[in-house]
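Here the structure comes first, spelled out in structure tokens, and everything after it is commentary.
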Number of protein chains: 2
Amino acid sequence: MKTADPELMRAINRLSVLDTIRRHGPISRVEISERTELSTTTVSAITASLLDDGLILTRHEGDIRNEAVRGRPRVMLEVNPDAARVVGAKIAASRMVFVVTNFRGDVLSTLTLPIRIDRQPIAVIADLVEDGVRRCVVDAGLSLEDVDTVCLGLPGVIEHRTGHVRSSPIFRETNIDFAAEMSARLSTPTIVESDAHAITLAHHWFGKARELEDMVLISLEQTLGLGVLHGNRLFRGAGGLSHNLGDLVLGMGAQGIVRLSSQAGESAILGEKQTDGRFAEAVRLGRGMTHVQALIQADDDRLIAAAVRAGEAVGITIANIVTLFAPPRVILVGSSLALGEPFLNSLRDAYALAVPPSLKGVSELVFDDSTDDFWAQGAAAVALYELYESPWSTTGPAL
Amino acid sequence: MKTADPELMRAINRLSVLDTIRRHGPISRVEISERTELSTTTVSAITASLLDDGLILTRHEGDIRNEAVRGRPRVMLEVNPDAARVVGAKIAASRMVFVVTNFRGDVLSTLTLPIRIDRQPIAVIADLVEDGVRRCVVDAGLSLEDVDTVCLGLPGVIEHRTGHVRSSPIFRETNIDFAAEMSARLSTPTIVESDAHAITLAHHWFGKARELEDMVLISLEQTLGLGVLHGNRLFRGAGGLSHNLGDLVLGMGAQGIVRLSSQAGESAILGEKQTDGRFAEAVRLGRGMTHVQALIQADDDRLIAAAVRAGEAVGITIANIVTLFAPPRVILVGSSLALGEPFLNSLRDAYALAVPPSLKGVSELVFDDSTDDFWAQGAAAVALYELYESPWSTTGPAL
DNA sequence: GTGATTTAATTTGCCTCACGAAATAAATCG
DNA sequence: CGATTTATTTCGTGAGGCAAATTAAATCAC
């Protein structure tokens, strides 16, 4: 247990105030005081320090409850967009997406590199990532010195605390200290995080879990990932490890262990050689569920059967996750959603069947087909969160 | 996020100190200061208050590092055993075990009632439990007024925060407010907790996870339960729900969903009518693995096959849990361990096969065949933890 | 317009907490 | 018996939070 001292106290309350300002837009001090249950005195002191550090701004217009309200008008406070810049990235097997955001999480520029980096040597991947980051930063009219943190979201088992990639489908090698590698190349602090965690935070900050403090997200991409939000923070397993759902075992088949990845991974469904590649292309682009549906209707039954089988496997897995975590909401994201109705229906049916009766109705399934930008934005949010959380100038110079 | 004030600060540090004293036996103030990283001044203040409240005691002997050390001798501090009494209980389908412990968790009296309460009406069960608590308290030479808290550990899905039993194999009804019912009957604060959580805490306090802050426990009884220790505290899912592993789905069989409970629950293995009951008896008593082994050797192959199949299912499940939580240790407890080698070997094999290669070696499997007393003691520990954690006289009367 | 009223934010005074430095306590050593 | 050593307590300071009082900046009433 961490030892508590006044500084920690301040850090906690500071974060609480800053987070309240971030979440509830322009907001007055009184309202912050109500929401955080801190006294107005304390809120004033903290906001003064935040203003002093340039993390927030005042705005004198915009009191919504205006129109003939007596009394001194409230001064609205909001996060200073320009207090920091971060880069977020989603590194996937067949593409990389970068975003630059400001301190508020607004996207300043986006860059998509549709390159298959799958199984390239580390050095090549690192080169490409470095290039992408630099170009995206230039696109935003900035220089790397203006960037405070970079966060790379990638699939696989990642140790967030140390930045080690224990294993990832995009790396041939295992146990790479990718954070150190990229920090050195970019000479900017670089965080490595599971892509699933990144989009989990994205949904908490900007998406479909804004109002929840507990939630589970399942990402269905080439790799199957899991993100758990617990008490407004990412649950990162014991050792800070990310979760790799694809490794889950569904049972014993004829030739041994059957893992989820063999049933529901992108490659498992597409089967590469079995179909003509048009379908794979559509899924890869993440576009046009209608297009895919048309393909499915026209295509052979094998593909539909694969989609149904995958949906079943995922549905059961979700039920199992719900059994363990009982979250109020489960968000499903990822390219596999583009498989359309056959997949989704079979998923829903399997879930309904597999969820324990005692937990029926506890968790709500939500499907989300955000673009890759959103994942990258989530990575940016991970970086921002670390900035928010860092004491920064808690013990700054006196004014 | 909870708002931080000086009182919270003190509460945190107080708990930290008290917990350090509990865990590290008689211990001096200097050593507490080292372990908690609090200043000796603060430790002195806090211990003074703890002494004042009668929660700890001083002892002037017992400095281990003795033998001609110069300087003022250390005064050892230890938890005052008599600062509180709690009752812990394990309520299972075929028996109830009660313990009364002191503030240190030492068992003062034990009572086992080998009654099958399975599917009795609530009122009957409540009667029996009430009776058991009262008798055990009398056995300890106490009266119920001397008891600060009662904690009942039972199988099923339990909402710890509210004391609601959402579903339990020992209740016909669902959604019982059992905590309120028993609190009223005993006129003593009563906590209801999952039995798996109870024994998880037991292992953290007294057993095979004393030195760990993260750990996973799997209980193999009539019901299959899960306890997760995360950062020295029980991880209770989003809504404070317990986990019911038996509801996990292993796959689709011929006639629909195959749940773990149908493969590895006690009744699934014993099959009640298939065997002659001697085996079931032995397992139920939790005694004599050798006896059981002898029975298995003498018995028909069907039983062994069932044990092997169960072991396989559990092994896979453990691998899946490890995939999700990556704990440094997994402790296995419960009556099913008495199945002996066929079960354990198949479990180990299935686990080794099913655990993802990237996590190989991360988690260590530990088997534990404690008696039911230990479970009840864990329930007592849950009660004690709440006492430890409660601010109590943080803002007590000035001396 | 000018003062009363109302609401927001800041200032003042007080309390708790943690901590470092100095003082005190209780041993052993020579 | 005094010097030395180590543990614990006392004292003084600074940081933090909060309630109450005060100041600020509007609207309203006439």
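Is segment B:308-331 home to any residue that is assigned to a helix (DSSP H, G or I), among the polar types (S, T, N, Q), facing chain A (nearest Cβ under 10 Å) and in contact with a strand residue (DSSP E or B) (Cβ under 7 Å, 6 or more places away or on another chain)?
Here is the first cut: in segment B:308-331, the residues assigned to a helix (DSSP H, G or I) are B:308-325.
Next, from what is left, pick out any that are among the polar types (S, T, N, Q): B:317, B:320, B:323.
Subsequent filtering for residues that are facing chain A (nearest Cβ under 10 Å) retains B:317, B:320, B:323.
Next, from what is left, pick out any that are in contact with a strand residue (DSSP E or B) (Cβ under 7 Å, 6 or more places away or on another chain): B:320, B:323.
The answer is yes; a qualifying residue exists.
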Quick check, is residue B:3 near DNA strand D (Cβ under 9 Å from one of its atoms) and assigned to a loop (DSSP other than H, G, I, E, B)? yes
When you look at residue B:251, is it touching a strand residue (DSSP E or B) at 6+ places or on another chain (Cβ under 9 Å), at the interface with chain A (Cβ under 10 Å from one of its Cβ atoms), open to solvent by less than 30 Å² (accessible area, probe 1.4 Å) and free of Cβ contacts under 8 Å to residues at least 60 places away in the same chain, yes or no? yes
Quick one: residue A:357 ticks every box in (1) at pLDDT 90 or above; (2) within 12 Å of chain B (Cβ to nearest Cβ) bar one, so which box is it? (1)
Residues being under 17 Å from residue B:219 (Cβ atoms) and open to solvent by less than 10 Å² (accessible area, probe 1.4 Å) - total across segment B:346-362: 1
Output for segment A:9-41, where each listed residue is within 9 Å of DNA strand C (Cβ to nearest atom) and without any contact (Cβ under 8 Å) to a residue 40 or more places away in the chain: A:9, A:33, A:39, A:40, A:41
So residue B:146, is it without any contact (Cβ under 8 Å) to a residue 40 or more places away in the chain and acidic (Asp, Glu): no
Taking segment A:10-36 and keeping residues open to solvent by 20 Å² or more (accessible area, probe 1.4 Å) and either away from DNA strand D (no atom under 11 Å from the Cβ) or part of a strand (DSSP E or B) (or both) leaves A:19, A:22, A:23, A:24, A:25, A:26, A:29, A:30, A:31, A:34, A:35
Out of the residues in segment B:149-162 that are more than 12 Å from chain A (Cβ to nearest Cβ) and farther than 17 Å from residue B:90 by Cβ, which is most open to solvent (accessible area, probe 1.4 Å)? B:161
All conditions in (1) modelled with pLDDT of 95 or more; (2) open to solvent by less than 20 Å² (accessible area, probe 1.4 Å) are true of residue A:39 except (2)
If I ask for residues that are of a type in the set (A, V, I, L, M) and either in a strand (DSSP E or B) or within 12 Å of DNA strand C (Cβ to nearest atom) (or both), which ones from segment A:42-62 would you list? A:43, A:45, A:46, A:48, A:50, A:51, A:56, A:57
Residues of segment B:111-127 being open to solvent by 70 Å² or more (accessible area, probe 1.4 Å) and without any contact (Cβ under 8 Å) to a residue 40 or more places away in the chain, in sequence order, are B:114, B:116, B:127
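Quick check, is residue A:132 farther than 16 Å from residue A:190 by Cα and open to solvent by less than 10 Å² (accessible area, probe 1.4 Å)?
Values: farther than 16 Å from residue A:190 by Cα: no; open to solvent by less than 10 Å² (accessible area, probe 1.4 Å): yes.
So residue A:132 does not fit the description; no.
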Verdict on residue B:237 being in contact with a Phe, Trp or Tyr (Cβ under 8 Å, 6 or more places away or on another chain), in a loop (DSSP other than H, G, I, E, B) and open to solvent by 10 Å² or more (accessible area, probe 1.4 Å): no
Sole miss for residue A:365 among (1) in a strand (DSSP E or B); (2) of a type outside the set (Lys, Arg); (3) buried (at least 20 other Cβ atoms within 10 Å of the Cβ) is condition (3)
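Has segment B:215-231 got at least one residue that is open to solvent by less than 10 Å² (accessible area, probe 1.4 Å), within 14 Å of chain A (Cβ to nearest Cβ) and within 14 Å of residue B:90 (Cβ to Cβ)? Please lay out each step first, then the result.
Within segment B:215-231, the first condition is being open to solvent by less than 10 Å² (accessible area, probe 1.4 Å), and the residues that meet it are B:215-220, B:224-229.
Applying the additional criterion that residues be within 14 Å of chain A (Cβ to nearest Cβ) yields B:215-218, B:224-229.
Retained after the next criterion (residues that are within 14 Å of residue B:90 (Cβ to Cβ)): B:225, B:227.
Yes - at least one qualifying residue is present in segment B:215-231.
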Residues to consider are A:51, A:108; find the one that is open to solvent by 70 Å² or more (accessible area, probe 1.4 Å), out of contact with any Asp or Glu (no Cβ under 8 Å at 6 or more places or on another chain) and more than 10 Å from DNA strand D (Cβ to nearest atom). A:108
Pairs returned, first residue in segment B:71-83 that is within 16 Å of DNA strand C (Cβ to nearest atom), second residue that is open to solvent by 30 Å² or more (accessible area, probe 1.4 Å) and of a type in the set (Lys, Arg), beta-carbon separation under 6 angstrom, 6 or more apart or interchain, are B:76/B:59
For segment A:163-186, the count of residues that are touching a helix residue (DSSP H, G or I) at 6+ places or on another chain (Cβ under 9 Å), open to solvent by 50 Å² or more (accessible area, probe 1.4 Å) and in a strand (DSSP E or B) equals 2
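The values are calculated or read from the model by the stated rules, or taken from the named source; none is laboratory data. Keep in mind the model is a prediction, meaning the values are calculated, not measured. Reconstructed Cβ throughout: ideal geometry from the backbone, glycine too, with neighbour counts over all protein chains shown. When the accessible area is computed, the model is the full protein with side chains, heavy atoms only, and any ligands, DNA or RNA have been set aside. Shrake-Rupley method; radii C 1.70, N 1.55, O 1.52, S 1.80 Å.
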